[in-house]
Amino acid sequence: MSVNVAVVGATGAVGDLMRKVLVERNFPVKSIKFLASEKSAGKTVEFAGKPYTVEPIRPEAFAGVQIVLSSTPGSVSKEYSPIAARAGAIVVDNSSAWRMDPDCPLVVPEVNAEQLHHIKKGIVANPNCVAIPLCVALKPLHDVAKVKRVVVATYQSSSGKGAKGLVDFAAQAAAWAAGQPVPAPTAHRAQLAGNVITLDWTLDPNGFSEEENKVINETKKIMGDADIGVCPTCVRVPVKVAHSEAITVEFHKPLSVADAKAALAKAPGVVFMDETTDGKFPQPIHAEGSDHTFVGRVRQDPSNPNALCLWVVADNLRKGAASNAVQCAEELVKRGIVK
Ligand SMILES: NC(=O)c1ccc[n+]([C@@H]2O[C@H](COP(=O)([O-])OP(=O)(O)OC[C@H]3O[C@@H](n4cnc5c(N)ncnc54)[C@H](OP(=O)(O)O)[C@@H]3O)[C@@H](O)[C@H]2O)c1
């Protein structure tokens, strides 16, 4: 079966990759259109070697579309994703607008693809770019020893702030490397070149950042276990693409390092790198451009017999957004959910 697709937010950092990922994964496209804001209407984007004109987003644009891959700011998704769903499409939405809606499944295909059979509003939410690789790594371990609590510190790349973040970081990095005064940040909330920023997001009333609260809430929803404790510290680092995560995970019973490594080595979507055998360990430069989640540095927590430490890296624009969304779309077709 091939399907009529609309890519919304096609001119953004995620939308740009969405086009590439659809081609790379040979998604069965019958027809495709590319939508963005009025500002981009008339621009040309390339898909499968052919030029396409970007259309402005408007309700009529969704007629006949079966799958919408949407990557716009949350406010735009709030308005347009229900319009697309009412027109008959299933929307896979990358924004945070629908993630905690009980009527919208929050899906990482390697973890909870079966949730795609419960799409009450016509909208599937694509999770946060930290929560996705975290859950891909936790799931094979949860299946053997049940996760009780997760403490995670993140090392998040500039591209998490989209196309504007990358422009901001490039300008700062060039000046910093040349020993020139670093220009004031335009997308990040502080200087990123030669620095790290623990509050590159809005501060919520509970003292956690908006990003940290997403990691807490979305991890529980994806794992299907509201009792899992999650304590994150999210940090922006001077890396262009790919987020890293230092994770300490406590289980309900002891899990040996050897058994954890064995489970991770055969887990779907995971590239397990064992530094003890060949000295290799996951880095953002490995993950950039890949749809996989890279896991390594598995260690026994010396302070807790039921806990392990691990290091996880994934491309935030791909597995953290575009590739996970396309994988959801593939499952929708494979399972006969899209009509
Ligand atoms: N970057 C990441 O790592 C990441 C990861 C997971 C999820 N997400 C989420 O994915 C979404 C897109 O992120 P991004 O990083 O790709 O952002 P981005 O680079 O800023 O791109 C935003 C896209 O949305 C379009 N857009 C903005 N306002 C619009 C409007 N009023 N009507 C129609 N289209 C509009 C933009 O079109 P114009 O070019 O015409 O303005 C652009 O195509 C966000 O909700 C973000 O939270 C991002």
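Points worth noting:
- Glu110 modelled with pLDDT of 95 or more, away from the ligand (no atom under 16 Å from the Cβ) and surrounded by 18 or more Cβ atoms within 10 Å (Cβ to Cβ): yes
- Residue check for Gly279: assigned by TED's automatic domain parsing to the domain that holds Thr198 and free of Cβ contacts under 8 Å to residues at least 12 places away in the same chain: yes
- Residues considered: Ile222, Ile216. Of these, the only one that is in contact (Cβ under 8 Å) with a residue 12 or more places away in the chain, in contact with a Cys (Cβ under 9 Å, 6 or more places away or on another chain) and within 15 Å of the ligand (Cβ to nearest atom) is Ile222.
- Entry remark, segment 89-106: residues being in contact with a Gly (Cβ under 8 Å, 6 or more places away or on another chain) and either away from the ligand (no atom under 11 Å from the Cβ) or among the hydroxyl-bearing types (Ser, Thr, Tyr) (or both) number 5 in total.
- When we screen Leu255, Leu264, Leu332, Leu310 for residues that are touching a residue at least 24 places away in the same chain (Cβ under 8 Å) and part of a loop (DSSP other than H, G, I, E, B), the only hit is Leu255.
- Filter result for Ser209 (more than 23 Å from Ala307 (Cα to Cα), in contact with a Leu (Cβ under 7 Å, 6 or more places away or on another chain) and without any contact (Cβ under 8 Å) to a residue 60 or more places away in the chain): yes
- Residue match in segment 87-100 (condition: among the hydroxyl-bearing types (Ser, Thr, Tyr) and either in contact with a Cys (Cβ under 6 Å, 6 or more places away or on another chain) or touching a residue at least 40 places away in the same chain (Cβ under 8 Å) (or both)): yes
- Highlighted here are the strands (runs of 3 or more DSSP E) found entirely within segment 23-79 that include at least 2 residues which are exposed (fewer than 15 other Cβ atoms within 10 Å of the Cβ) and more than 8 Å from the ligand (Cβ to nearest atom): 29-36, 44-47, 50-53.
- Any pair with Cβ under 9 angstrom, 6 or more apart, that starts in segment 3-19 at a residue that is surrounded by fewer than 24 Cβ atoms within 10 Å (Cβ to Cβ) and ends at one that is of a type in the set (Asp, Glu): Leu17/Asp315; Arg19/Glu46
- Residue identified as more than 13 Å from the ligand (Cβ to nearest atom), in contact with a Phe, Trp or Tyr (Cβ under 6 Å, 6 or more places away or on another chain) and either hydrophobic (A, V, I, L, M, F, W, C) or closer than 17 Å to His243 by Cα (or both) among Ala184, Ala193, Ala125, Ala175: Ala193
- With respect to the conditions (1) under 19 Å from Ala321 (Cβ atoms); (2) part of a loop (DSSP other than H, G, I, E, B); (3) without any contact (Cβ under 8 Å) to a residue 40 or more places away in the chain, Gln180 lacks only one, and its number is (1).
- Filter pass, Ser159 being outside the structural domain of Ser37 (by TED's automatic domain parsing), surrounded by 17 or more Cβ atoms within 10 Å (Cβ to Cβ), modelled with pLDDT of 95 or more and not β-branched (Val, Ile, Thr): yes
The values are calculated or read from the model by the stated rules, or taken from the named source; none is laboratory data. Everything numeric in this text was worked out from a predicted model, so none of it was measured. Backbone-built Cβ (ideal geometry, glycine too); neighbour counts: all protein chains shown.
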